[in-house]
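Below: the structure, in structure tokens.
Readers should treat all values here as calculations from the given coordinates under stated rules, not as data from a laboratory. Being a predicted model, the structure only gives us computed values, none of them experimental. As a convention, Cβ positions derive from the backbone with ideal geometry for all residues, glycine included, and neighbour counts pool all protein chains shown.
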Amino acid sequence: MTAALTLDGISKRYGDFQAVRDLSFSVAKGSICGFLGPNGAGKTSTLRMILGLQPQTSGTISILGSSDGRRVRDRIGFLPEERGLYKKMTPVDAIAFFGALKGLPMSEGKRRARRMLEEQGLGAAQSKKMKELSKGMAQKVQLIASVVHGPEFVILDEPFSGLDPMNQQGLEQMIRGLAADGATVLFSTHVMQHAERLCDTVVLLARGRKAFEGTVDQAKATSRRFLEVEGAIDPTAVAALPGVVSVETISDREGVRALKAALAPDAGGQEALKAAFLTGLDVRRFALKEPTLHDAFIGLTGDNPDQDQSVRPATPTEAAR
């Protein structure tokens, strides 16, 4: 399948700090790709290089056939992490204004804005000022403003940040709609659940390096199935159960532990459960779980994507690589 975006050996250095290291991946035309990693992993720096907003230190980029995103900017839609629309504008005027910056006539921009606002349940907000809208409504307006010109490639930087579950669901529907209309979508996030539901492929980034590239199922296949066990039990006793290869404590409150026990690839969990009862373990809950994308990320990178690492400096060892 033809690639809409290809990165080959991209690196970015800010003085002594290496933000991105030898990063290579591609995104197929018409697909949704999740660019995943904890805050500070290098996602935003990479997106800015793709857009041509800052130069790479080394490596090459091809987006929509161009080596410079600025040359094809009218074919790209971009929702930055730093939100901002003119507060005194109406949604219709704001959307049409951003469309005009990409070459769309104002009259056509307003016509599209009204239609797209109606489609997203914002018809009643068309004539309000932006400052009167809720955060979720304003975020939808900004996403519409970034795609009103009908871009071939859409880049979204942390689009779900700060939104409640209902508005997150609405944004997911918008992203699916963009892909259904033929656009290629690349979005960055540190929330694995969104990527698990939306993406055809994912790229996992940790400390500026690629840790994985492939489908969601391929990523999850790198992690083991596991048991969640709860009760007044000793972790060493759970570790001795058939098929269990490692155990970690999730919580320990008043003598009742919640444990996560990773299973060998050929273990189903039934033998472990049988052995637990035969040995008299005080098990109050016992559940077999399939790995999530979150589990895969931690296994592949050693990082928790929910932890903020935005101020993490490069270590001397890393800086020397």
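Please give every one of the lysines within straight-line cross-link reach of Lys260, meaning a C-alpha to C-alpha distance under 21 Å, and leave out same-chain neighbours fewer than 8 residues apart. Those lysines meeting the cut-off are Lys220, Lys274, Lys289.
Potential lengthening of the chain between Arg111 and Lys128 amounts to 4.5 nm, from the contour at 0.36 nm per residue minus the alpha-carbon distance. Annotation: aspartates and glutamates with alpha-carbon distance below 19 angstrom to Lys210 (same-chain offsets under eight excluded): Asp8, Asp22, Asp157, Glu158, Glu196, Asp200, Asp295, Asp303, Asp306, Asp308, Glu318.
Compared with the alpha-carbon gap, the fully stretched path from Met89 to Gln270 is longer by 59.0 nm at 0.36 nm per residue. For the chain, taking Cα atoms only, Rg and Dmax work out to 23.2, 76 Å respectively. Averaged over residues, the count of other Cβ atoms within 10 Å places the peptides 187-198, 213-224 in the sequence 187-198, 213-224, highest first.
Work the Kirkwood hydrodynamic radius out for the stretch 154-264: mean of 1/r over every pair of different alpha-carbon atoms, inverted, in Å. Working shown, then result.
On the way: mean 1/r = 0.0589 Å⁻¹.
Every distinct Cα pair counted, the radius reaches 17.0 Å.
DSSP beta bridges confined to the chain are antiparallel in about 70 percent of cases. Need the list of lysines near Lys102 for cross-linking: C-alpha distance under 16 angstrom, and skip anything on the same chain fewer than eight residues off. The qualifying lysines are Lys110. Calculated [222 nm] ellipticity per residue, helices only, for the chain: -9000 deg cm²/dmol; basis is -39500 (n - 2.57) per DSSP H run with n ≥ 4, divided by all residues, nearest 500. Out of Ser31, Ser62, Ser246, any idea which swings most in a Gaussian network model of the chain, alpha carbons joined below 10 Å? Comparing Ser31, Ser62, Ser246 in a Gaussian network model of the chain, the most mobile one is Ser246. Highest mean packing first, where packing is the average number of other Cβ atoms within 10 Å per residue, the peptides 111-117, 80-86 line up as 111-117, 80-86. Here the 3J(HN,Hα) profile of the stretch 266-282, calculated from phi with Karplus coefficients 6.51, -1.76 and 1.60 at θ = phi - 60°, is 9, 8, x, x, 5, 5, 5, 5, 4, 5, 4, 6, 5, 8, x, 5, 7 Hz, Gly and Pro shown as x. Treating r as the C-beta distance of Glu290 and Gln173 and R0 as 25 Å, the FRET efficiency rounds to 0.50.
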